[in-house]
Amino acid sequence: MDGKTRANIKPGMLVNIVLKKDQRTGILTEGIVKDLLTSAPFHHRGIKVRLEDGQIGRVQEILE
């Protein structure tokens, strides 16, 4: 599943996100979703989330 649709993402899920600083390189960061920060039902670059470790980025793929 991709991370562009808000309904697919729930707190506690394991995801890969791209951090703002890594957008050019596309380096992914794995973590567990704490909060969903995008309120729109869809975002073409990925739903923005906060991970449990505090990092913020856009979901690129859902791992579980």
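The values are calculated or read from the model by the stated rules, or taken from the named source; none is laboratory data. All values reported here derive from a predicted model rather than from experimental measurement. Every residue, glycine as well, gets a Cβ built from its backbone with ideal geometry; the counts of neighbours run over all protein chains shown. For accessibility, only protein heavy atoms count, side chains too; no ligands or nucleic acids. Shrake-Rupley method; radii C 1.70, N 1.55, O 1.52, S 1.80 Å.
Here are a few things to note about the model shown:
- Annotation: Cα Rg of the chain relative to the compact-globule expectation 2.2 N^0.38 Å equals 0.94.
- Probe 1.4 Å, all protein chains present, accessible-area order of 58, 45, 6, largest first: 45, 6, 58
- Only Cα pairs under 8 Å and 6+ residues apart enter the sum, and on that basis the relative contact order of the chain stands at 44 percent.
- Radius 14 Å from Cβ of residue 46, net charge of other residues (Lys, Arg +1; Asp, Glu -1): +4
- Solvent-accessible area of segment 1-62 (1.4 angstrom probe, protein heavy atoms only): carbon and sulfur portion equals 51 percent.
- Point-to-point label distance, residue 10-residue 40, nm (Cα→Cβ direction, 7 Å offset): 2.5
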